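Read the structure below first, then the notes.
The values are calculated or read from the model by the stated rules, or taken from the named source; none is laboratory data. Computed from a predicted structure; not experimentally measured. All Cβ positions, glycine included, derive from the backbone under ideal geometry; neighbour counts span all protein chains shown. Calculation scope for accessible area: heavy atoms of the full protein, side chains included, ligands and nucleic acids excluded. Shrake-Rupley method; radii C 1.70, N 1.55, O 1.52, S 1.80 Å.
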Amino acid sequence: MQRYFIDPTQIMDQTIHITGDDVHHIKNVMRSKPGTTILVADGTGAEYIAEIENYDPDHVCCRVIETRNAHGESHTRVTIAQSMPKGDKFELILQKGTELGASRFLPFHSERTVVKIEPKKVAKKCDRWQKISKEAAEQAHRGQVPTVEAPISWKQLLQQMESFSGTVWIAYEKGGKPLTQAISGTHEDEIMVVIGPEGGFSEKEIKEAEQAGAIPLSLGNRILRTETASLMVLSCIFFARHEL
């Protein structure tokens, strides 16, 4: 059953009003007709089995058949703080990270980050990233769409580490607490995982992160690509906590 995310305000008196890009997808991609059943989530943890009643060029009207709790969310909320990688790797991280269960993505620029986004292009990039996350959440039958924030500086990230309510880990190829020990040693429901760029973090950055409350994390004896590291950590966290 195809899944779509809407704003809670689009549900009124057991009727769902779908607008925006999803209208095109329902009509022209899925070629759904009146009477077709779809799954709709409002991003707050509720989902609805609904039947399409009618549509026009920019609006689809559906009748709610059943309301239930969404089952695609994990109890543990993981933020992936990702130094901006080259090419389209960040989009891969967004897509797969959303499917695996990440709740938030926080891109940042560190000392060895190569990619620099022009200020005038940030808003457009963020719109694209949020769309990728939404589509991945729909595909994975998530109950919520992860938040994708605008890129921040290393200094701003340090401030977020300091104020973060849960555990902060920073992946470091030169050593740190083994991932398995770190996972078994924390019972926090909020976790931030900080992943560096292709060239890794400098020793100065690791010291600054530790001062901000982050715990250096070893991901094993093999050196992983930046786009692999975040996905591996997510998989391990949710596997260990029986939340896959």
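Numbers for the structure displayed
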| quantity | calculated |
| --- | --- |
| Carbon/sulfur fraction of accessible area - the chain, other protein chains in place, 1.4 Å, % | 49 percent |
| Within-15-Å neighbourhood charge of His242 [Cβ basis; K, R +1; D, E -1] | -2 |
| Under 25 Å from Lys174, Cα to Cα: lysines that are on another chain or at least 8 residues apart | Lys86, Lys89, Lys155, Lys204, Lys207 |
| Residue with peak Gaussian network fluctuation, the chain [Cα springs, cutoff 10 Å], from Glu53, Glu73, Glu198 | Glu53 |
| Inter-label distance for Ala150 and Val29, nm, one decimal - labels placed 7 Å from Cα along Cα-to-Cβ | 2.7 nm |
| Residues in the stretch 60-86 that a label on Thr15 would reach, taking backbone N under 12 Å of a point 7 Å out along Cα→Cβ | 60-64 |
| Accessible surface ranking that places the most exposed of Lys121, Lys207, Lys89 first, with a 1.4 angstrom probe | Lys207, Lys121, Lys89 |
| 12 Å beta-carbon shell around Asp22, net charge (K/R +1, D/E -1) | -1 |
| Volume per residue of the C-alpha convex hull in the stretch 91-173, rounded to whole Å³ | 119 Å³ |
| Solvent-accessible area per residue for the chain (1.4 angstrom probe, square angstrom) | 51 Å² |
| Cα centroid separation - the stretch 131-147 against the stretch 1-69, whole Å | 15 Å |
| Fraction of the pair-distance distribution of the stretch 87-244 above 18 Å, Cα-Cα pairs, percent | 59 percent |
| Simple Cβ-charge dipole of the chain, Lys/Arg +1 and Asp/Glu -1, about Cα centre, in debye nearest 20 | 820 debye |
| GNM top mover of Pro57, Pro85, Pro178 - the chain, alpha-carbon springs below 10 Å | Pro57 |
